[in-house]
């Protein structure tokens, strides 16, 4: 059986329709892309996602699931517990009446890591 030859010049990634630069892997813009679409969404790239291995009790986090983003809503919180039974969620205190120094005394919610970023939004 004859095998197809490997192409000498592999196809280039698609170009950004706004700035004309080639997009990176999976159609993402590169850091040099200056089109409005990239600049408008640059905060999605800069925001640090949660790494459970380096997370610690008391860290400040921001909760913003997809359905909050359309309304630009978010909730700030503090990490209360990192449960052993899962590596995809943590317990976070969101509302403690401004008593953030005593956050451990308040009820927490089990929250998916995919809906959190490190740090507070203001």
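The values are calculated or read from the model by the stated rules, or taken from the named source; none is laboratory data. Since this is a predicted model, take the numbers as computed values, not measurements. Using ideal geometry, Cβ is built from the backbone for each residue, glycine included, and neighbour counts are taken over all protein chains shown.
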ask   = From the residues in segment 104-121 that are in a loop (DSSP other than H, G, I, E, B) and free of Cβ contacts under 8 Å to residues at least 40 places away in the same chain, which one is surrounded by the most Cβ atoms within 10 Å (Cβ to Cβ)?
value = 108
ask   = Taking segment 87-103, which residues are within 9 Å of residue 77 (Cβ to Cβ) and either outside any loop (DSSP other than H, G, I, E, B) or not assigned by TED's automatic domain parsing to the domain that holds residue 57 (or both)?
value = 92, 93, 103
message = If I filter segment 25-42 for residues that are closer than 21 Å to residue 121 by Cβ, assigned to a loop (DSSP other than H, G, I, E, B) and modelled with pLDDT of 60 or more, do I get at least one hit?
response = no
